Amino acid sequence: MEVFWKVFDKLLDVMAAIAWIILLFICAAVCYTIGMRFLFTQTTIWIMQTTEYALLWIVFLSTTWLLREKGHITTDLIYEHLGPKTQRVLDGITFTLSGLACAVLFYYSAAYTYDSIIAGVTDVRAVTVPKWTVYIIIPIGSIFLIIQFFRMAWNRFSELKAGR
């Protein structure tokens, strides 16, 4: 199991790095289109559409890494006044419910992506793109979120069982 978690964590690192590269691409593309518009009064029509898709990919590539690193914003006004055991119970419940919510997201996004593949749905704008190529990242990212949330819940409940 230790090998699985090492590979899983390495995969999260790679996904976050890809998200970082996509973010750099977005910055460069937006600067390029602004420069083209300012200097030559011409714009690049594909940049807006590509940026929209890239933002979706960034979210689902990096969210699980951010969750693992505990980088999400938390409101702990009440939480910090609870005892350690109560905090672990609350964490375990929260992580379990979050994993289940991600499972619902996975189900519906996978169904939509599958339907888009079968029906051959395309997004016709500046560039015609098969919709599944845009939305496939949602079920992929959701799977990683499910695994990470249940991993965190398991760790919390294991700490409780061990009496910590």
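Please treat every number below as a calculation from the coordinates, not as lab data. The model shown is predicted, which means the values in this text are computed figures rather than measured ones. Note that we place each Cβ from the backbone using ideal geometry, even for glycine, and neighbour counts take in every protein chain shown.
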Sorted peptide list for 131-144, 41-54, criterion being average Cβ within 10 angstrom, highest first: 131-144, 41-54
Lys10/Ser158 FRET efficiency (R0 30 Å; Cβ-Cβ; nearest 0.05): 0.85
Descending Cα extents along the principal axes, region 2-161, whole Å: 65, 39, 33
Helix 84-119 vs. the chain, principal-axis angle (Cα, 0 to 90°, nearest 10): 30 degrees
Gain in span if fully extended, Tyr114 to Ile78, counting 0.36 nm per residue against the direct Cα distance: 8.7 nm
Burial ordering of Ser158, Ser62, Ser98, fewest other beta-carbon atoms within 10 Å first: Ser158, Ser98, Ser62
Paramagnetic label zone (point 7 Å from Cα along Cα-to-C-beta, Ile18; backbone N under 19 Å) in region 117-141: 117, 130-141
About the Cα centre, charge dipole magnitude for region 1-91 (Lys/Arg +1, Asp/Glu -1 at Cβ), debye: 100 debye
Candidate lysines - alpha carbon under 23 Å from Lys10, same-chain residues fewer than 8 apart omitted: Lys70
Rg/Rh (Cα only; Kirkwood hydrodynamic radius) as it applies to region 10-91: 1.25
Long-range amide H partners of Thr122 with built H, under 5 Å: Lys131
Signed unit charges on C-beta, dipole axis of the chain, positive-most listed residue Thr75, Val104, Ile26: Thr75
0 to 90° range, to nearest 10: angle between helix 2-40 axis and the chain longest Cα axis: 30 degrees
Leu56-Val104 pseudo-label distance in nm [points 7 Å out on the Cα-to-Cβ vector]: 2.1 nm
Amide N proximity, region 1-25 versus Leu39 label position 7 Å along Cα-to-Cβ, cut-off under 19 Å: 25
